[in-house]
Amino acid sequence: MGPGNQEMLQGTLDMLILRTLVMGPAHGHTIARIIEHTSEDVLQVEQGSLYPALHRLADKGWVISYWGASENNRKAKYYKLTASGRKQLATQASRWEELVGAIGRILKLATENK
Amino acid sequence: MSIRRFFHRSSEDSDLVQEIESHIAHDIDENIARGIDEEEARRHAYLKFGNPQRIREDVWQWNTMEFLDSVWRDLRFALHTMRQRPGFLAVALLTLALGTGATTVMFALINGVLLKPLPFPDAGRFVAIHGYSDDWNVQLFGEQNVANPDFRDCKNQSHTLDIAGQVYDNGIVSSPGEPEYIDVRNISSNLFSVLGINLAHGRAFQPEEDQPGAAPVMIIGNSFWQRHFGGMLSAIGSSVVLDTKSYTVVGIAPPGLKLKDNEPDVMIPLGQNTAGYLQHRRAHPVTVMARLLPRATLAQAQAELTLIGRHLAEQYPDTNKGRTFQVTPLRPEVANVGSTLWLLLGAVGLVLLIACANVASLLLARAVSREREFALRVALGAGRGRLVRQCLTESTILGLAGGALGVLLAFFGIRPFVRFWPGALPRAEEAHLDWHVLLFALGVSLLSGLLFGLAPALRAPARNLEQVLRAGSRMLTGSSRRLHGAFVISELVLAIVLLVSAGMLGRTLLRLASLDPGVDIHNVLTARVALSPATLQDAARTRTAWKEILDRMSHLPGVQAIAMVDTVPFRRGNNPLEFWPTPALPPEGERPLTLANSVTPDYLKVMGIRLLQGRFIDDQDQPGKPFSVVIDDVMAQQAFGGKDAVGKLLWMPDMGPQPVKVVGVVGHVRYWGLAGDDKSQVRAQLYYSFAQIPDKWVRRWSELMSIAVRTQVPPLNMVDMLRHEVRGTTGDQVIYQVHTMEDLVSASIAEQRFLLLLFGIFAGLALLLACVGIYGVLSYLTSQRVPEIGIRMALGASAANVVGLILRQSLVMIAMGASLGVIAALAAGRLLLHMVDGMRPTDPVTVAAMIAVLFVAALLASFIPARRASRLDAMQALRSE
């Protein structure tokens, strides 16, 4: 893992995966790359948590999986967002924004009072 | 979802492996595309990915834990709900425990007695070999064994069988320890290897030791070892003195070894025994068993032995003409007990079904009251499958708990039950709770759990959520009421079957016990007598010895009359002979048979048989004169029609070429027992004088003769005195197999008595359970109708009206149950007719009586909830919701 890396909470990883899949189905490798690239490498996805997370999401019915051929014509397992997954993403994303907003206000308050 | 994942963990795992491989492959491709060379690219990719093993483990564990967690949650919830209703729990558990316990005991018996193979390894390949001669009476003397030289010839010549033999003998061991009269077996050196049994210590006999003149060696049995050597290993190599000859102990048999159903005390090599009767082919003392060699079949073995038999017949025509050898699979002799055991298992199964129906209706009542709870859970997101699983979990726990209690009951109940069995239950010692039986108990418990869980489980998910949630908590849908009704009706049907069966058995027993046995059974003692071997050598001495015994015994105080007889009624053993009223005998196999008894004149007095015409055997009938016989009225009818039989002649090939003369007719004796006599094939009876038996047969007859004594005091008080009188001058004459006639007659209907007792218990249990079921269901149904009753009362119904209302509901169920039950009971009656001796077809009186019993009991059980309903306060009823 790279320097300055944050530990990813389980819930946050789930949310990020769901967010990634909004743009369309993708397989495990691609999902990891998208998260890394979009976060400009701030968030490094540890493979140890990616696949269990995908498994859990599938179990909860938020994604479904199917085998297919990847861009390089390799066999790969694709994941696709389901309707309840979309709903879940919306709920979690709004909760996250609330949380971030609240923390941010507190921090701003702190810095203001310094 | 989690169930599926749990059971597909390994396929999911292999899926994951492929997925990981694919991920790494993509990474490698990416690296190569960036310009890194292949080796480096590969190394990078694997490094970046980290440990795939850990990922697989995580996913695997997650799959497992999810499932186990949900199961655990179900269990805890089930236990919690059950604990809230301890009364219900207790009743359900007790009911199930009784049901499964009784069924387990029955199955343990069936397993031990019928199903288990003989306690030898590879028991299917074992056979017994018997000899057959044309003139041997198998029924009287049992199956024939093999002569020692014949045995040796078969053993050496056979290519399909590994043949071993043993000869039963007795002897006196004088050292070490106390002198003792013991059971000796002469065995061939290969007996242990044929049986596949290893000795506990030491070794078996070698073939060289199985020859005349070899050093005397001995294998001792486990109990003998304990008694005479204290269980010490120094026994091996020490010597034992048997009948004044010294043997060296070379081996010790394992505990529990049984040859011919008895544990032998000592075993010595058959080949070393030089006794006369083992050297010629006229005597047949060797019990032969063998094991089929690999790839040999029973048919091949039989063909081979038939050939050997034929060769021997040609080589030794004097002794072996007409002798053949038969090979039969070695099976434990349990034939007659089998049907009784299965019958009892069936009966106890009915009780278990009733118990299940009871618990089912209890659970159903609870399920209906929890309908709102289930509806809520469905609304909150629980799947239907989840709820069904919840219900089934509860019922399975109940079933298993009830089953466990039942096994406990069975554990304590099985020994007393076995001892209770009339007569000796063969292989009884093999009936215990081994893992077969426990597996059966587990299966039965699970099955019952599923069975009675099914009804409430299928109702659990409510179809119309809104309706249920909005309706009052006391809403009762019609189908539930019908289901409850169905349970009650089926319980009543089963109870009636058992009640009628018990009633039938009761009537049968009464009828049998009142039958005239044909003899006066009070105060009569019978016993077999063993004369001194020295006496038996000479016919004249034998006759004198018998006269002396009869004489001495008749002078004992308390003895009214004493006689000799070879076959005693109601006891095993009989002598069927052919007869015909004219010299032109029909072909063999078509001649009628009569049961012949060899007696002394006082037999009539001892047994109290009625003399109908002419005279009984008396002192006129001496050796040398033509045979006089006395026949019973059944035989008189068979041989001479209704005509006067006295003075007529009969031709009987077994008694010689000359005809015998009928000198009297007596009443019939129920020889085959109170139950079996009327249906038996040979009912004709005949008596002839023991004195008239020719000298050459006197020894053989004497070995089988019994004495019958009519006493003035209770017969068992006389046994010691009689034993003392018989001992004689040589001191080695004994009486054995001592029975009173009352015991013998009672034993002949012991099976019916036993069945009656058991069926009576089962019927009582069934009735009790059915009544509890009715009470429960009616209470429940009544409680559901409380608002309705309130309205009726408010509109003017009296208490009596309410009682009538409830009872009418109950009566409908009882009537249906009774009518269906009668049909089922008739079917059961036909089954019993086949399986139990002495039964008559189901009669209407018994059926009517049992239905009456059921009605009364069921109405009583219904009365209590009915009265409770009538005592309701109308206002409260209307207000309650």
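The values are calculated or read from the model by the stated rules, or taken from the named source; none is laboratory data. Remember, it's a predicted structure, so these values are computed and weren't measured experimentally. All Cβ positions, even for glycine, are placed from backbone atoms using ideal geometry, and neighbour counts span all protein chains on display. Calculation scope for accessible area: heavy atoms of the full protein, side chains included, ligands and nucleic acids excluded. Shrake-Rupley method; radii C 1.70, N 1.55, O 1.52, S 1.80 Å.
Taking the Cβ-Cβ separation of residue A:91 and residue B:432 as r and a Förster radius of 41 Å, what is the calculated FRET efficiency to the nearest 0.05?
On the way: r = 63 Å, r/R0 = 1.53.
Step by step, r from the Cβ atoms, then E = 0.05.
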Hz values of 3J(HN,Hα) by residue in segment B:164-172 - Karplus curve (6.51, -1.76, 1.60), Gly and Pro given as x: 10, x, 8, 10, 7, 8, 10, x, 10
Environment charge of residue B:743, counting only residues whose C-beta is closer than 14 Å and scoring Lys/Arg +1, Asp/Glu -1: +2
Members of segment A:69-107 that become less accessible by 30 Å² or more once partner protein chains are added (1.4 angstrom probe, chain alone as reference): A:72, A:74, A:75, A:77
Candidate aspartates and glutamates - alpha carbon under 12 Å from residue A:77, same-chain residues fewer than 8 apart omitted: B:15, B:19, B:21
Size of the A/B contact, given as accessible area buried on both chains, probe 1.4 Å, in Å²: 2200
Nitroxide proxy distance, nm - points 7 Å out along Cα→Cβ at residue B:21 and residue B:38: 1.7
Where only alpha carbons of segment B:265-336 are counted, the Rg and the Dmax (Å): 15.2, 41
Kyte-Doolittle at least 1.0, axis length at least 24 Å by Cα - qualifying DSSP helices, chain B: B:86-110, B:335-369, B:435-459, B:478-513, B:750-784, B:799-835, B:844-870
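In chain B, what percent of the accessible surface is made up of carbon and sulfur (1.4 Å probe, ligands and nucleic acids excluded)?
59
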Relative contact order for chain B, counting Cα pairs under 8 Å that sit 6 or more residues apart, in percent: 14
Cα principal axis extents for segment B:618-672, largest first, Å: 31, 23, 20
Long-range amide H partners of residue B:706 with built H, under 5 Å: B:565, B:566
Shape call, segment B:734-875: gyration tensor on alpha carbons, a/c limit 1.5: prolate
Shape call, segment B:554-674: gyration tensor on alpha carbons, a/c limit 1.5: prolate
Length released on extending from residue B:162 to residue B:68, taking residue separation times 0.36 nm less the Cα-Cα span: 28.3 nm
Cβ-Cβ FRET estimate between residue B:315 and residue B:450, R0 fixed at 60 Å, reported to 0.05: 0.30
Amide H contacts of residue B:160 (H built 1.01 Å from N, under 5 Å, at least 5 apart or other chain): none
Under-5 Å amide H pairs with residue A:82, H placed in peptide plane, nonlocal only: A:63, A:64
All-pairs alpha carbon distance profile, segment B:224-352, 5 Å steps from 0, percent: 2, 7, 10, 12, 13, 13, 12, 12, 9, 6, 3, 2, 0
Pairwise label distance in nanometres, residue B:717 with residue A:102, each label 7 Å out on the Cα-Cβ vector: 10.3
Residue B:262-residue B:727 FRET efficiency (beta carbon distance; Förster radius 30 Å; 0.05 resolution): 0.70
Listing of segment B:52-75 residues, each with accessible area lower by at least 10 Å² in the full protein assembly than in the chain alone (probe 1.4 Å): B:54, B:55, B:58, B:59, B:62
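Averaged per residue, what accessible surface does segment B:770-810 expose to a 1.4 Å probe, in Å²?
Value for segment B:770-810: 40 Å² per residue.
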Cα gyration tensor category, rounded, prolate or oblate, for the protein assembly as shown with a/c compared to 1.5: oblate
Compactness index (Cα Rg / 2.2 N^0.38 Å), segment B:1-69: 1.42
At most 16 other Cβ within 10 Å, DSSP loop - chymotrypsin sites (Phe, Trp or Tyr not before Pro), segment B:17-80: none
Expected 222 nm ellipticity per residue - DSSP helices of 4 or more, -39500 (n - 2.57), all of the protein assembly as shown, to 500: -18000 deg cm²/dmol
Whole-number D in µm²/s for chain B (Stokes-Einstein; Kirkwood sum over Cα pairs; 37 °C, 0.692 mPa s): 95
